[in-house]
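Down below is the structure, laid out as structure tokens.
The values are calculated or read from the model by the stated rules, or taken from the named source; none is laboratory data. These figures come from a predicted structure and were not determined experimentally. Counting neighbours? That spans all protein chains shown, and the Cβs are built from the backbone with ideal geometry, glycine included. Note: areas computed on protein heavy atoms with side chains; ligands, DNA, RNA excluded. Shrake-Rupley method; radii C 1.70, N 1.55, O 1.52, S 1.80 Å.
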Amino acid sequence: MKLRPLSRRTTLATAVVCSALVGGGVAYAATAEPAIKTFTPRSADQVTNIDVLRQQIRNYYGDPLGTGTFAPDGNYAKEAASVAKAGQRWLDGRHHEDSDRSRDRDREHGHGHGSTGRKAIVLDVDDTTLTTWNYEIASNWAYNPTTNAEYVNGQKFPATPGMVAMVDRAAKEGYAIFFLTGRPSSQEAATLGNLTSDGVGVDAGYPAPTTLPNGEDGLFTKPDVSAYPDYLQKACAADPGGKCTTIHYKSATRAHIESLGYDIVANFGDQYSDLKGGYADRTFKVPNPNYYLP
Ligand SMILES: [Mg+2]
């Protein structure tokens, strides 16, 4: 029997708890629970055999033989594109509502500036704007930071279906475009290159992220704890080792963006941890059956 590694995120969460124990028995470690809350099967018949499940996922991606290339007309591509379309309808609506309102205001008062800030969208990267299917196949769904970095730094990920058109249109409607990823800061340049067009590896063709009024670029990668800006230090002070959980990192960054004068109209992510914690008028869940990030 082959032993298979746990999913990447479960492994990481366990590692954090273990190191906390080794580091001196932090109180929360005693009550550590798995990140994934689910039922306990009474019978093996209540769960899908993991090899069968892998085949179902390959079928879903329109890649039954597991070549690492998903089909543009497969069910994954269709479902991702339908989320992008739903996002586009929402953004179109908010854009038009705004123009109507400012036209009415123009008529009444002779001016037309809204006061709620510039409209913006926030997008996660992995499996929200770039699809990592090729890496899931190459790694047999066993995340490893070293092999993953080869794909990231090689800029090997294609765009998630439907998303480039949606983001392009949002940018043309005047939305500020922000990317918010748990990838480390060391991968920022490669991430930007893969997302936009730098002639290296895959160029997904997204519009460049919007530079903020304070000069920050609009691609937020996760810094080392020692380099946290104030807003992360504050928001994550009670997290283990002061290191932000995904939810705290992402929601505090969205709060930071809004504090600089933006209204985040839509937030797109493939993980619930991308979407929880507020600071977005609406959230959009992009499909991803491959892994779970607490
Ligand atoms: Mg993601």
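Worth pointing out:
- Members of the stretch 165-184 that are surrounded by fewer than 20 Cβ atoms within 10 Å (Cβ to Cβ) and either over 15 Å from the mean Cα position of the chain (by Cα) or outside the structural domain of G261 (by TED's automatic domain parsing) (or both): A165, D168, R169, A171, K172, E173, G174
- Pick from the stretch 125-134, criterion under 13 Å from L180 (Cβ atoms) and open to solvent by less than 10 Å² (accessible area, probe 1.4 Å), ranking: farthest from the ligand (Cβ to nearest atom): T129
- Residue pairs meeting the criteria (Cβ under 7 Å; at least 6 apart or on separate chains; first over 21 Å from N144 (Cβ atoms), in the stretch 177-206; second among the aromatic types (F, W, Y)): F178/F220; F179/F220; L180/F220; L195/F179; L195/Y206; T196/Y206
- Selection status of A149, open to solvent by less than 40 Å² (accessible area, probe 1.4 Å), modelled with pLDDT of 95 or more, touching a Gly at 6+ places or on another chain (Cβ under 6 Å) and in a helix (DSSP H, G or I): no
- Checking the stretch 224-237 against the condition returns no match, with no residue being hydroxyl-bearing (S, T, Y), open to solvent by less than 30 Å² (accessible area, probe 1.4 Å), farther than 27 Å from G174 by Cβ and part of a helix (DSSP H, G or I).
- Positions within the stretch 240-294 being small (G, A, S) and either open to solvent by less than 20 Å² (accessible area, probe 1.4 Å) or away from the ligand (no atom under 16 Å from the Cβ) (or both), in sequence order: G241, G242, S251, A252, A255, S259, G261, A266, G269, S273, G278
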